[in-house]
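The values are calculated or read from the model by the stated rules, or taken from the named source; none is laboratory data. Everything quoted here is computed from the prediction, not taken from an experiment. With ideal geometry, Cβ positions are generated from the backbone for all residues, glycine too; neighbour counts draw on all protein chains shown. Quick note on the areas: whole protein, heavy atoms, side chains included, nothing else; ligands and nucleic acids left out. Shrake-Rupley method; radii C 1.70, N 1.55, O 1.52, S 1.80 Å.
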Amino acid sequence: MRKTLRWLLSLVVLIGTVSVAGATAGAATAAEPDLTAPDIKDRILAIPGVSLIEEKPYPGYRYFVLNFTQQVDHHNPAAGTFQQRITLLHKDTSRPTVMYTSGYSVSTNPSRSEPTQIVDGNQVSVEYRYFTPSRPAPADWSKLDIWQAASDQHSIFEALKPVYAKNWLTTGGSKGGMTATYYKRFYPKDMDGVVAYVAPNDVVNNEDSAYDRFFRNVGTKECRDKLEAVQREALVRRKPLEAKYAEYAKANGYTFTTTGSLDKSYEAVVLDYVWAFWQYSLLSDCGTIPADARHATDQAIWDTVDTISGFSFYTDQGLEPYTPYYYQAGTQLGSPTIKQPWLGGLSRYGYQPPRHFVPRSIPMRFHPSAMPQVDAWVRHHADHMLYVYGQNDPWGAERFRLGSGARDSYVYTVAGGNHGSKVAGLAAAEKAAATSAILRWAGVPAATATQAKPLARYDAALDRQSIEREPTLRP
């Protein structure tokens, strides 16, 4: 989703502000290894299409960075193949396996998503197609859609299932949560459960009043007033701050070909400010916002906008890694728009659509039926699906909802939570119920539904969860 802080970061299942340090339980004990069995590395590399990039050591695990030969077009094998990057955090073939994706690039450092910690399992992390380096050459962008990506996951699952025969879950946050949902929709029999965090659901792309209602009520009036005042002041001072932006761009070698001008990029950064604050910060962070924007220095306005929105993002160099995301936002996923009436006539361009953030050489056409079809399927056919949202996260304004046809599926909200919300931040009863469901789906029954806890102990390196920074969708 079009987002504002632009740091390509990484491993995490976007989640964030709540520590899981207290979520400890006795680590599950794997069976004694059979020393006569083939080494797991040999078993994995014997799978057709799998090749090794590197192995990295980590205590208690084997960690592999791999390439998987994937079809460019799953409708037409004759269209050729490309190398899709995946990673494998191997614990034991007797444990469940979690398939994770952020919906973007994959980190090549060991990490563990929350469901992986809960079930004490293996984790397969998948880089989304067309994110570098998992991109066909030459790239036929028409083959970047949610069905093709779900079919990528299906192919990986089918290849690895003979080795990892126990139950499988799929998970991801934000675009990764959407990705997990789409995979379940198109291949409902593959996964034994879905854990989707803060997953937007833009059913009707041109109807975004839910976001306007959200911004009228989120947090406190005092905090909203401070944020809006800074945003207005950044546009009032467009001339001196754009001069500073030009110096900043020159010093860093940034250009503005994709957006068309420094002026358009500057305004895009400023318009992200309020959205990005609530997406990545907490109400308690409002004290860091200038209290009197009209009398703040230019540097103070620059610093707060740069910290929260990121002036580097709407440069060619900042946008390029996210081209596949904006392409999908402008062809299937949709993107939100908010009115921001507090800006009066200060905005020249309004929220710019995804087309403005994709090079013109790449053709785009929006397909309005894609999201309604997914939404209808979730409402009427969801089975073993768990959604977690944050109360103060803008993306939760348009979320997945369950209908009468859903079975053993749940939607929970973290009080005061942002775009990093997860099971660990839920109220005690909901946290236990969600954890119990995840364990049940993984084939690892909890002692009791009210006392369910993660099976693996917290690991400061593997479980260090930060919020995945990604573009803030705008139509």
May I ask you to list the residues of region 357-376 whose amide nitrogen lies under 17 Å from a point 7 Å from Cα along the Cα→beta-carbon direction of ASN76? 363
Filtered hits (lysines, Cα-Cα < 22 Å from LYS339, offset >= 8 within chain) -> LYS3, LYS221, LYS226, LYS264
For region 44-85 and region 151-211, what is the separation of their Cα centres, given in Å? 19 Å
The chain - percent of accessible surface contributed by carbon and sulfur, probe 1.4 Å: 52 percent
In range of the label at ARG213: residues from region 394-411 whose backbone nitrogen is under 18 Å from the point 7 Å along Cα→Cβ: 394-403
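Per 0.36 nm of contour for each residue apart, how much would the distance between ARG379 and LYS239 grow if the chain were fully extended, relative to their Cα-Cα spacing? Could the numbers behind the result be given before it?
Working: separation 140, 0.36 × 140 = 50.40 nm, distance 4.91 nm.
Between ARG379 and LYS239, full extension yields an extra 45.5 nm.
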Three-way shape label, region 205-352, alpha-carbon gyration tensor, a/c 1.5: oblate
Tell me which lysines have Cα within less than 18 Å of LYS161's Cα, excluding those fewer than 8 residues away on the same chain? LYS41, LYS91, LYS184, LYS189
Accessible solvent surface per residue of region 193-310, calculated while the other protein chains remain in place, 1.4 angstrom probe, Å²: 41 Å²
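For region 66-155, with every protein chain kept in place, what is the accessible area per residue (1.4 Å probe, Å²)?
Dividing the accessible area of region 66-155 by its residue count gives 27 Å².
Just the C-alpha atoms of the chain: what Rg/Rh do they give, with Rh taken as the Kirkwood radius? Please report the intermediate quantities before stating the final value.
Values: Rg = 22.2 Å, Rh = 22.9 Å.
Answer for the chain: 0.97.
Which FRET efficiency value, to the nearest 0.05, is calculated for GLU247 and LYS56 with the Förster distance at 56 angstrom and r the Cβ-Cβ distance? Numbers along the way, then the final one.
On the way: r = 41 Å, r/R0 = 0.72.
So the FRET efficiency works out to roughly 0.85.
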Expected output is a single nm value to one decimal: the length gained when fully extending between ALA139 and ALA429, i.e. 0.36 nm times separation in residues minus the C-alpha distance. What is it? 99.6 nm
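Would you mind working out the accessible area per residue for region 369-435, using a 1.4 Å probe, and quoting it in Å²?
On the way: 2310 Å² over 67 residues.
Ligands and nucleic acids excluded, the result is 34 Å² per residue.
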Treating only the Cβ of Lys, Arg, Asp and Glu as charged (+1, +1, -1, -1), what charge dipole size does the chain show about its Cα centre? Round to the nearest 20 debye. 500 debye
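What do you reckon, how do HIS90, HIS295, HIS380 stack up by accessible area (1.4 Å probe), largest on top?
Details: HIS90 20, HIS295 145, HIS380 100 Å².
The ranking, largest first, comes out as HIS295, HIS380, HIS90.
For ASP316 and ASP285 in the same chain, what is the full-extension length gain: residue separation times 0.36 nm, less their Cα-Cα distance, in nm? Before the final figure, lay out each step's value.
Numbers: separation 31, 0.36 × 31 = 11.16 nm, distance 3.03 nm.
Difference between extended and current length: 8.1 nm.
Which order do peptides 319-326, 330-337, 341-348, 192-199 fall in by mean Cβ count within 10 Å, highest first? Please report the intermediate quantities before stating the final value.
Working: 319-326: 21.9, 330-337: 24.1, 341-348: 12.5, 192-199: 28.2.
Those peptides, ordered most packed to least, come out 192-199, 330-337, 319-326, 341-348.
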Sequence-distant aspartates and glutamates (8 or more away, or on other chains) whose Cα lies within less than 14 Å of LYS431: GLU114
